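Reading through the structure tokens given below for one structure.
The values are calculated or read from the model by the stated rules, or taken from the named source; none is laboratory data. This one's a predicted model, so the numbers in the text were calculated from it and none came from an experiment. In this analysis, Cβ positions are derived from the backbone assuming ideal geometry, glycine residues included, and neighbour counts consider all displayed protein chains. Side chains are part of the model used for accessible areas, which takes the heavy atoms of the whole protein and leaves out ligands, DNA and RNA. Shrake-Rupley method; radii C 1.70, N 1.55, O 1.52, S 1.80 Å.
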Amino acid sequence: EIGFWGVCGHEAKSQSGFIKHILLSLQKNAEINPVEAYVFDDVKRTYSELKDLDIVCNYTLNITDVISVISDWCDKLEARYQRMLEGSESTVSEPLLLMIIQNNDVARVISEDFDVMNKYTNITSRYKGMGAAIIFANFENISISYDAPEPLRLVKQDQHILFFGDLDTLKPFDPPYEAIRENKKKLTAGDAYYIRGNDVIKLKMVEATE
């Protein structure tokens, strides 16, 4: 299971560096582990240098493109799900479906369309383990209110992020107190915490930010 998660922090360079590292690493191994990546960039065109990678199926600034992508993904994952129920092992060789969302308005587009939100929910719940990942690459370090777009609230609810910052400065949700107490030392530039629920792992991210 890869699921959906956010990349959050105080330094945009560290966050984008990590995402670029992921895409370049996946590109290097694409012949063995195929990937279909969809990048929803912002007006700064943070990831424009990677739009011509072979694994990038769609690079766009058009936030409404997510409607057709979500629908296409849902169809593909439903087919994989049915093949799995039938006992087929073909799903193992299926490409990873990866969505990088830099513009958080994409979450609003998903949330405001009932049908799209329903399909998104299926992708992130019913079809978990079917080879799909959604990364909110610019998940803001702010309190997530009850009226925030549903996809962003789900990341908060799942407490699944990579955080480039000290734990006591995390705002979307409260990390475990024990983790804060055990990690009082300030992070060095580029390092991060991988947080999923009560699990907190300190990571060295040198390669990601070079």
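Details
- Selected from P34, F163, I67, residue furthest toward positive end of dipole (the chain; charges at beta carbon): F163
- Distance in nm between pseudo-label sites at D113 and R126 (7 Å out along the Cβ direction from Cα): 1.8
- One quarter of the surface of the convex hull around the alpha-carbon atoms of segment 1-43 equals 4.0 nm², the direction-averaged projected area.
- Each other residue within a Cβ distance under 10 Å of Y38 adds +1 if Lys or Arg and -1 if Asp or Glu, for a net charge of -3.
- Cα centre as origin, Lys/Arg/Asp/Glu Cβ charges: segment 6-108 dipole, Debye: 360
- Percent of alpha-carbon pairs separated by more than 11 Å within segment 138-190: 72
- Its Cα centre serving as origin, the chain has a Cβ charge dipole (Lys and Arg +1, Asp and Glu -1) of approximately 600 debye.
- Helix runs (DSSP H) in the chain reaching 20 Å along axis by Cα, Kyte-Doolittle at least -1.0: 12-28, 65-85
- Structure-based [θ]222 nm, the chain - -39500 (n - 2.57) summed over DSSP H runs of at least 4, per residue, nearest 500: -10500 deg cm²/dmol
- Translational diffusion coefficient of segment 106-210 (Stokes-Einstein, Kirkwood radius from Cα pairs, 20 °C, 1.002 mPa s): 141 µm²/s.
- Within-10-Å neighbourhood charge of P172 [Cβ basis; K, R +1; D, E -1]: +1
- Computed over segment 35-104, Cα set: Rg, Dmax in Å: 14.1, 45
- Placed amide H near V35: partners under 5 Å, 5+ positions off or other chain: L96
- Note on surface exposure: D52, D168 rank D52, D168 by accessible area, highest first, 1.4 Å probe.
- Charge tally in the Cβ shell below 9 Å around I144, where Lys, Arg are +1 and Asp, Glu are -1, I144 excluded: +2
- Span from the segment 1-55 Cα centroid across to the segment 141-210 one, whole angstrom: 19
- Estimated D of the chain in µm² per second, where Rh is the Kirkwood radius over Cα pairs and Stokes-Einstein applies at 20 °C, 1.002 mPa s: 121
- Cross-link pairs exceeding 24 Å in C-alpha to C-alpha distance, out of K20/K44; K128/K185; K184/K204; K13/K156; K13/K171; K128/K156, comprise K128/K185.
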